[in-house]
There are 2 protein chains.
Amino acid sequence: MASPPDGAQAQDLREHTLSSEELLRGHFLHAFRDQVRLPDGRQASREYVRHPGAVVIVAELDDGRYVVERQWRHPLQRVLIEFPAGKLDAGEDLLACARRELQEETGYRANQWAYAGPMHPVIAYSTEVIHIFFARGLQAGERALDEGEFLDVFAASLDELLAWSRDGLLTDGKTLSCLLWAQNVRAGTWALRWSDAG
Amino acid sequence: MASPPDGAQAQDLREHTLSSEELLRGHFLHAFRDQVRLPDGRQASREYVRHPGAVVIVAELDDGRYVVERQWRHPLQRVLIEFPAGKLDAGEDLLACARRELQEETGYRANQWAYAGPMHPVIAYSTEVIHIFFARGLQAGERALDEGEFLDVFAASLDELLAWSRDGLLTDGKTLSCLLWAQNVRAGTWALRWSDAG
C-alpha cells in the first residue's frame with residue numbers, strides 16, 4: 001500500500017500567513033480574514049470560521065442497531081437524521097465530551113468506547129474537526145438536553161442507515177463519514193480498539 | 001425496509017423564523033443571525049453562513065483508480081487529500097458545474113456522468129449542499145486553475161483511499177462521503193444511472 005504523495009514529491013502547496021483580522025465575533029460564529037502569501041509569491045485573502053471542535057458518537061445497541069437523532073437544522077430549514085454529536089467545551093477531554101454528549105442528547109451511557117479518528121467537515125472555511133467515537137454496552141437513562149435543543153432519538157439498523165444514505169434521505173456529512181466507518185467495522189475490514197469505560 | 005420516522009410520528013421539531021439580520025458580508029463569508037421561535041414557544045438565535053452550493057466529482061480512470069487532489073487548506077493549516085470540487089456559479093446547472101470544475105482543476109473531460117445525490121457538510125452553521133457526481137470515460141487535457149488556486153492531481157485506488165481514511169490520512173468530510181458511495185457502487189450494492197455527456 002502506497003502512502004499518499006506528500007510535499008517531498010509534490011510542489012510546495014503551503015500558504016504563509018501574513019496577517020489576520022477578526023471579521024465577526026457572534027454568539028456562535030467567530031470569523032477571520034487572513035492575508036496569505038501564495039506559492040507563487042502573490043497574495044490572497046482567506047476567510048474562515050474558528051470552531052472549538054466537536055465529537056460524534058456511533059453508539060451500537062445490543063441488538064446491533066445504532067442510536068440516531070432527528071433534529072431541525074435551521075440553516076437547511078429541515079429535519080436531518082444524524083448521529084449524536086456536540087461541540088467540545090473549552091479544555092474538555094475528547095472522550096469526556098463524547099460521554100457527556102451521548103448522555104445529554106440520548107440518555108445512554110456506554111460500557112465501552114473506541115476512538116475511530118478525526119474528520120474535517122468543511123475544509124474550505126472552518127477550522128472544525130469532528131472526532132468520531134464508537135460506543136457499545138449501552139444502558140438507557142434520562143437525557144438532559146441543552147436549553148433550546150429539541151431532538152428525537154430513535155434506533156436504526158446499518159442497512160436502514162445505508163439505504164437512507166443511498167436514497168438521499170440521510171445527507172449529513174459527519175453521519176455519512178461515520179457510516180463509512182460503521183460499514184467497514186461491521187465487515188471486519190477496519191478494526192477498532194475498545195476500552196472499558198472508567 | 002422502514003422509512004425514517006418523520007414528523008407525523010415525532011414531536012414537531014420545526015423552528016419558525018421571526019427575523020433575520022446580516023452579520024457579515026465578506027469577500028467569501030456571508031453570515032446571518034436569525035431569531036427563531038422554538039417548539040416550546042421560547043426564542044433563540046441561530047447564526048449561519050449562506051453558501052451557493054457546490055459539487056464534488058468522483059472521477060474514475062480506465063484502470064479503476066480515482067482522480068484525487070492534494071490542496072493546502074488554510075483554516076486547517078495543512079494539505080488535505082480530496083476529490084475535485086468547487087462552488088456553483090450563480091444560476092449554474094449542477095452538471096455543468098461538475099464538468100467545469102473537473103476540467104479546470106484536473107484537466108479531465110468525462111464521457112459519462114452520474115448524479116449520486118446531495119450531502120450537507122456542516123448542518124449546524126451553513127446552508128451549503130454538495131452534490132456528488134461520478135464521472136468515467138476520462139480523457140486527459142489541460143487544466144485551468146482559478147487565480148490563487150494551487151493543487152496537485154494524482155490517482156489512487158479505492159483500496160488506497162479507504163486505507164488512508166481508516167488511518168486518519170484522509171479526513172475531508174465530502175471525500176469520506178464520496179467514498180461511502182464509491183465503496184457501495186464498486187460492491188454493486190448501490191446503483192448509479194449513467195448518462196452520456198452531451
- Query: Hey, what angle do you get for helix B:173-186 against the long axis of chain B, alpha-carbon based, 0 to 90 degrees rounded to 10?
  - Reply: 60 degrees
- Note on the structure: Sorting from shortest, the nanometre distances separating the label point of B:ARG37 (7 Å past Cα along the line to Cβ) from those of the same residue in the other copies are 5.6
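Counting other Cβ atoms within 10 Å, which GluC sites (Glu not before Pro) in region B:96-198 have at most 13 and lie in a DSSP loop? Show your work: numbers first, answer last.
Working: sites: B:GLU101, B:GLU104, B:GLU105, B:GLU128, B:GLU142, B:GLU147, B:GLU149, B:GLU160; in loops: B:GLU128, B:GLU142, B:GLU147, B:GLU149.
The qualifying sites are B:GLU142, B:GLU147.
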- Query: Given a cut-off of under 8 Å on Cα pairs at least six residues apart, what relative contact order in percent is computed for region B:26-65?
  - Reply: 34 percent
- How big is the C-alpha Rg of the protein assembly as shown next to the rule-of-thumb value 2.2 N^0.38 Å, as a ratio? 0.97
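Give me the inter-chain shielding for B:158-166: mean count of other chain Cβ atoms within 10 Å, whole number please. Let's see the in-between values first.
Values: counts 0, 2, 4, 1, 4, 6, 4, 7, 9.
Per-residue shielding by partner chains comes out at 4.
Could you work out Rg/(2.2 N^0.38 Å) for region A:118-189, with Rg from alpha carbons only? Write out the running numbers ahead of the final one.
Numbers: Rg = 14.5 Å, N = 72, 2.2 N^0.38 = 11.2 Å.
The reported ratio for this selection is 1.30.
Once the mean 1/r over all distinct Cα pairs of region B:45-148 is inverted, what Kirkwood radius in angstroms do you read off? Intermediate values should be presented prior to the final figure.
Working: mean 1/r = 0.0686 Å⁻¹.
So the Kirkwood estimate lands at 14.6 Å.
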- Which whole number gives the average, over all residues in A:43-51, of C-beta atoms from other chains lying within 10 Å of the residue C-beta? 5
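Given a Förster radius of 25 Å and the C-beta distance between A:SER157 and A:GLN77 as r, what FRET efficiency does 1/(1 + (r/R0)^6) yield to the nearest 0.05?
Values: r = 28 Å, r/R0 = 1.13.
With a Förster radius of 25 Å, E is 0.30.
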- For region A:79-137, fraction of C-alpha pairs farther apart than 13 Å, in %: 65 percent
- Query: So what are the radius of gyration and Dmax for the Cα set of chain A, in Å?
  - Reply: 19.2, 58
- GNM result for chain B, Cα springs below 10 Å: residue of B:LEU76, B:LEU94, B:LEU102 fluctuating most strongly: B:LEU76
- Tell me, Kirkwood radius of region B:29-89 from alpha-carbon pair distances, in Å? 15.3 Å
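Contact order normalised by length for chain A, with contacts defined as Cα pairs under 8 Å and 6 or more residues apart; what percent is it? Present the calculation step by step, with values, prior to reporting the outcome.
Working: 371 pairs, mean separation 40.0, N = 198.
So the answer I get is 20 percent.
Between B:ARG109 and B:GLU22, take the C-beta separation as r, use R0 = 25 Å, and let me know the FRET efficiency to the nearest 0.05.
Details: r = 40 Å, r/R0 = 1.58.
With R0 = 25 Å, the Cβ-Cβ based efficiency is 0.05.
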- Task: From zero up to wherever the largest Cα-Cα distance of region B:60-111 sits, split into 5 Å bins and tell me the percent of pairs in each.
- Result: 4, 17, 23, 22, 17, 12, 4, 0
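FYI, it's all coordinate maths here, none of it is from the lab. Only a predicted model underlies this, so the values are computations on that prediction, with no experimental measurement involved. Here Cβ is always computed from backbone atoms with ideal geometry, including for glycine, and neighbour counts include all displayed protein chains.
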